[in-house]
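Let me begin by presenting the structure, written as structure tokens, before commenting on it.
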Amino acid sequence: MFKAVIQDVSILRDSLDSISSLITEGCFKITKDGMELIAMDPASVAMVIFKLLPSAFLEYNSEKEEIMTINLSNFVSILKRARANDRLTFELTESKLKIGMVGDFKRNFSIPLIDTPHGSQKVPDLSFKCKLEIFAGVLKDGIKDASMVSDCVVFEANPDVFIIKSFGELSETQLELTKDSPSLLSIESSKNVKAKYSIDYLERMLKGLKTSDKVKINFSTDYPVRIDCNKVDKYQLSFILAPRVDTD
């Protein structure tokens, strides 16, 4: 039987708020090594990989491997009801997930488990030509700038520069980071690479970066992008997004 207690609910709430904008049902594998979720969005455009580590909890007890499928929107709505000083308890039964909140007063919630035939998702084995790390706020700024002129954004890089840009009918925007830029923490690119991605998907993914200062971005020309944002001893959150490829 799974039972866990967490104090900092923002770690779970903010990550799942982002994930729930991509998928409706979350199928978690619960083991002694943590809670793991790997899922594709309904359009098979994006994949989410999330792992909440036992060290993120005050108490964590998992006697055997269990599968927990729940409605993520319902779960996030409950997590958003927690106050800053509340301590949350999760307890899994055969038919529901029980959630207790203890602070100035006690509250109890429950979510029914969903019986789904989902098999385990496999994370694709991808090989990237460009790997870089920047501050999360810079990525958010670049995507927000791009959203002003288009519904897609271009990532472009070479061994010395990373560029986020977008083009509209009359306007364009560009954010450039060089090796001398304090916000470009590292860059490795074996060649010039360029790819286009959906801003809508990226904006939904970036909702989960509230508790992470830095992000790793891996991509290649006309190839999926992988965005990783981790917090040591707390969680690992990654997104993979398919590219927008022009056909004309």
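We did not get these values from a lab; they are worked out from the coordinates using the rules stated. In this text, all values refer to a predicted model and were calculated from it rather than measured experimentally. Neighbour counts are summed over all protein chains in view; Cβ atoms, including those assigned to glycine, are modelled from backbone coordinates with ideal geometry.
Under the Kirkwood approximation applied to all pairs of distinct alpha-carbon atoms, what is the hydrodynamic radius of the chain in Å? Don't jump to the answer; show the numbers that get you there.
Numbers: mean 1/r = 0.0519 Å⁻¹.
For the chain, inverting the mean 1/r across all distinct Cα pairs yields 19.3 Å.
Which one of Leu72, Phe105, Met40 is farthest out on the positive end of the charge dipole of the range 2-112, using unit charges on Cβ (Lys, Arg +1; Asp, Glu -1) and the Cα centre as origin?
Looking along the dipole axis, the top candidate is Phe105.
Can you give the net charge of the other residues whose Cβ lies under 13 Å from the Cβ of Thr31, counting K and R as +1 and D and E as -1?
Numbers: positive: Lys29, Lys32, Lys51, Lys64; negative: Asp33, Glu36, Glu63, Glu65, Glu66.
Summing Lys/Arg as +1 and Asp/Glu as -1 gives -1.
Just how far, in whole angstrom, is the range 47-75 from the range 172-219 if you go by their alpha carbon centroids?
The distance from the Cα centre of the range 172-219 to that of the range 47-75 comes to 28 Å.
Dipole magnitude of the range 2-112 about its Cα centre, charges +1 at Lys/Arg Cβ and -1 at Asp/Glu Cβ only, in debye to the nearest 20? Don't jump to the answer; show the numbers that get you there.
Numbers: 14 positive and 15 negative charges, 74 e Å.
Dipole about the Cα centre, nearest 20: 360 debye.
Report the charge-dipole magnitude of the chain in Debye, nearest 20, computed about the Cα centre from +1 at each Lys and Arg Cβ and -1 at each Asp and Glu Cβ.
On the way: 33 positive and 36 negative charges, 141 e Å.
Charge dipole, the chain, about its Cα centre: 680 debye, nearest 20.
Please give the charge dipole size of the range 129-248, origin at the Cα centre, charges +1 on K and R Cβ atoms and -1 on D and E Cβ atoms. Round to the nearest 20 debye.
Working: 18 positive and 19 negative charges, 113 e Å.
Magnitude of the dipole: close to 540 debye.
How big is the range 130-241 by the Kirkwood estimate over distinct Cα pairs, in Å? Working shown, then result.
On the way: mean 1/r = 0.0713 Å⁻¹.
So the Kirkwood estimate lands at 14.0 Å.
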